[in-house]
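Trainee: There's a structure below that I have some questions on.
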Amino acid sequence: MARPATCSVVRREQKRGTRFALRVTYQGVRHFIALGTTWEGWNEQRVERERALVATLLERGEWTPPRPATPQATADPTPQPDEQDTFAVFASRFYAARCKRMDSEKSKQALRWRLGAAIGHIGDLPVGSVDAAAIDDMVTALLTERDEIETAAAMGAPLMQTVYVPSAGRTYQRRRKGLSNSSINKVVSAVRMVLEDARRRQIIANQPVDRHSMVRPEPPNRSSLQVKQIQAVLCAAATAEREQRGLDWEDVLAIRESHEPHTRLAARYRVSDTLIRKIRRRELWVDQPARRRNDVPRHAIWAVLIGTGVRIDELCGLREGEHVNLHARRVSITRDITKTNAGERVIPMLPFVHDALIAHYERHPPHPGRRVFETRNGTPQTPDNVRTHVVDKIVSIANANGSPIPRCTPHTLRRTFASILAEIGIPPRRAMYLLGHTDAKFTMSVYQQVLDLSHDGLSTLEAVLGCDIDEAFSVLAGRHAGRQRATSL
């Protein structure tokens, strides 16, 4: 007598997830039916529905065993669109394989974002159905979406999106941003990489993306600061840091010895009367000073960004003793905090950078192995933190003080350093080294801008640097002061 018909679920764990199948025993013969994987959308509920359906057919005697595929000698080796993976599935496999060849986490995130933008428009299409028309439709949709976002913002009703923060376990609303032409071209290039991989694997016959799929990119806006603007932001940073600086031990002792009312002391020291009460009750400032919320270094960060040209990631990774040496007056960028091998370099300190770091260490004593720039809680600074609370904040203060700066990012300050190198006569290859580049032409054409040194511009630049032009050349060129400066680039 044949065994009773049964149907059970088979699960196989793999690196990317779980693969599901059904094990069916019918008329004494065991059959396996492949279902799918978790990255293809299969889950336990869907698998259970499929198992229940097969079990019902077995109970009714209506189930038919699958027929084994018979290969045809003349079959087309290229799978038909109905038999192919969708672009979303194939792109996820491509991304997983590509990540193993990529060292930079930032490059992985960039590729993930570009593929995600493409999947939102062509992800459901089979790989073989992604043709030139589908690419054009995707580009048109991205351009239309950008126009809608800009129109809504101009009407005072900006479109919003919900963002989830995994580390905090919460969501928040932020304005949607349309993609620029350059970003759209990067999305198209990512699609071309995926389709080229599909062509190499003989899944598709031709790769349809060409130059006609691209849009004309906007002219690059490579901002840099002029001499007056450099002076303005450094003054604004020093003023803001001084105003936000908290109390010191002399202030605390004076508060505890004073018989004046809490409110009068609060107005004098520009703090809250609640803080005055806590200090007098010795709830604060007992063993160690209590820092104010906005008491974070600003001037030293601006000085290092302008005077050394380090990248924002490199700035946040600087550690005392390992990267910053005040005695030798140099900043060493090692491989662990820079993105390329060419980024390893030693940058001499100009006098104003050295003075700013000394003042920073007086307020925040260094500890070997710890980050040079930390938050008030002692955690390492992050690029987003520096952009928002240091760079953007100081630019807004400088603008309010009458020094208009239309656009400024941490990379603006890197280009400003490159422009200073050009103005004081540093040779191109030396400038390339100090910026961590591999091509001197790239440094000159993309990074170095012209500084306006007319009228009192030269004397202002020397005042900012803390030395004259010849001494600045001697420091940054690593030569003796008596050597001849380069007169042209």
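Trainee: Using C-alpha positions alone, give me the convex hull volume of the chain per residue in cubic angstrom.
Mentor: 268 Å³
Trainee: Calculate, in nm to one decimal, what Arg270 and Tyr164 gain on full extension: separation in residues at 0.36 nm each, minus their alpha carbon distance.
Mentor: Length difference between fully extended and current span is 34.4 nm.
Trainee: Which shape class, rounded, prolate or oblate, goes with the stretch 6-60 when its Cα gyration tensor gives a ≥ b ≥ c as root eigenvalues, a/c under 1.5 marks rounded, and past that a/b bigger than b/c marks prolate?
Mentor: In terms of gyration-tensor shape, oblate.
Trainee: On to the next question. Tell me the mean residue ellipticity at 222 nm calculated for the chain from its helices only (DSSP H runs of n ≥ 4, each -39500 (n - 2.57), averaged over every residue, nearest 500).
Mentor: Value at 222 nm, helices only, nearest 500: -13500 deg cm²/dmol.
Trainee: Okay, next question. May I ask you to list the trypsin sites (Lys or Arg not before Pro) in the stretch 95-146 that are in a DSSP loop and have at most 14 other Cβ atoms within 10 Å of their Cβ?
Mentor: The qualifying sites are Lys100, Arg101.
Trainee: Put a dot 7 Å past each Cα toward the Cβ at Lys100 and Ser454; how far apart are the dots in nm?
Mentor: 6.1 nm
Trainee: Also, I was wondering about something else. Under a 5 Å amide H to amide H cut-off, with H placed in plane at 1.01 Å, what residues pair with Leu159 once short-range neighbours are removed?
Mentor: Sorted by chain and number, the residues that satisfy this are Ala153, Arg176.
Trainee: Here's another thing I want to ask about it. Multiply the residue separation of Gln202 and Ala328 by 0.36 nm, subtract the distance between their alpha-carbon atoms, and state the gained length in nm to one decimal.
Mentor: So the chain would gain 39.4 nm between Gln202 and Ala328.
Trainee: For the stretch 83-213, just say rounded, prolate or oblate: build the C-alpha gyration tensor, square-root its eigenvalues into a ≥ b ≥ c, call rounded for a/c under 1.5, and beyond that prolate if a/b exceeds b/c, oblate if not.
Mentor: Oblate, because a/c is 1.5 or more while a/b does not exceed b/c.
Trainee: Under 5 Å between amide H atoms, partner at least 5 residues away or on a different chain: which partners does His31 have, H built in plane at 1.01 Å?
Mentor: Val24, Thr25, Tyr26
Trainee: Taking amide H atoms as placed 1.01 Å from N in the peptide plane, list the residues 5 or more away in sequence, or in a different chain, whose amide H sits under 5 Å from that of Arg345.
Mentor: Ile333
Trainee: Roughly what % of DSSP beta bridges within the chain run antiparallel, to the nearest 5?
Mentor: Counting only bridges with both partners in the chain, antiparallel ones make up about 95 percent.
Trainee: ³J(HN,Hα) across the stretch 382-398 via Karplus (A = 6.51, B = -1.76, C = 1.60, θ = phi - 60°), whole Hz, x for Gly/Pro?
Mentor: 10, x, 5, 4, 5, 4, 7, 9, 10, 6, 4, 5, 5, 4, 5, 5, 4
Trainee: Can you list the HN-Hα couplings for the stretch 154-162, worked out from phi with the Karplus curve (6.51, -1.76, 1.60; θ = phi - 60°), rounded to whole Hz and with x for Gly and Pro?
Mentor: In residue order, the calculated couplings are 5, 7, x, 10, x, 6, 10, 9, 8 Hz.
Trainee: What number, in percent, do you get for the relative contact order of the chain if the mean sequence gap of Cα pairs under 8 Å and at least 6 apart is divided by its residue count?
Mentor: Across the chain, relative contact order equals 11 percent.
Trainee: Then there's this: Could you order the peptides 186-195, 313-322 from most to least packed, using the average number of other C-beta atoms within 10 Å per residue?
Mentor: Answer by packing, highest mean first, reads 186-195, 313-322.
Trainee: Report the calculated FRET efficiency for Glu145 and Glu44 (r = Cβ-Cβ distance, R0 = 30 Å), to the nearest 0.05.
Mentor: My answer for the efficiency is 0.25.
Trainee: By average Cβ neighbour count within 10 Å, what is the ranking of 423-430, 210-217, 234-241, 340-347 from highest down?
Mentor: 234-241, 423-430, 340-347, 210-217
Trainee: Could I ask something else about it? Would you please classify the overall shape of the stretch 299-477 from the alpha carbon gyration tensor, given that a ≥ b ≥ c denote the square roots of the eigenvalues, rounded means a/c under 1.5, and beyond that prolate means a/b larger than b/c while oblate covers the rest?
Mentor: Since a/c stays below 1.5, the shape of the stretch 299-477 is classed as rounded.
Trainee: Read phi for every residue in the stretch 218-234 and hand back ³J(HN,Hα) as whole Hz from Karplus 6.51 cos²θ - 1.76 cosθ + 1.60, θ = phi - 60°, with x for Gly and Pro.
Mentor: The phi angles translate into 6, x, x, 9, 8, 7, 8, 8, 7, 4, 4, 5, 4, 4, 5, 6, 5 Hz.
Trainee: Based on other C-beta atoms within 10 Å, arrange Phe352, Phe473 from fewest to most.
Mentor: Phe352, Phe473
FYI, it's all coordinate maths here, none of it is from the lab. Keep in mind the model is a prediction, meaning the values are calculated, not measured. No Cβ is skipped: glycine too gets one built from the backbone with ideal geometry, and neighbour counts run over all protein chains shown.
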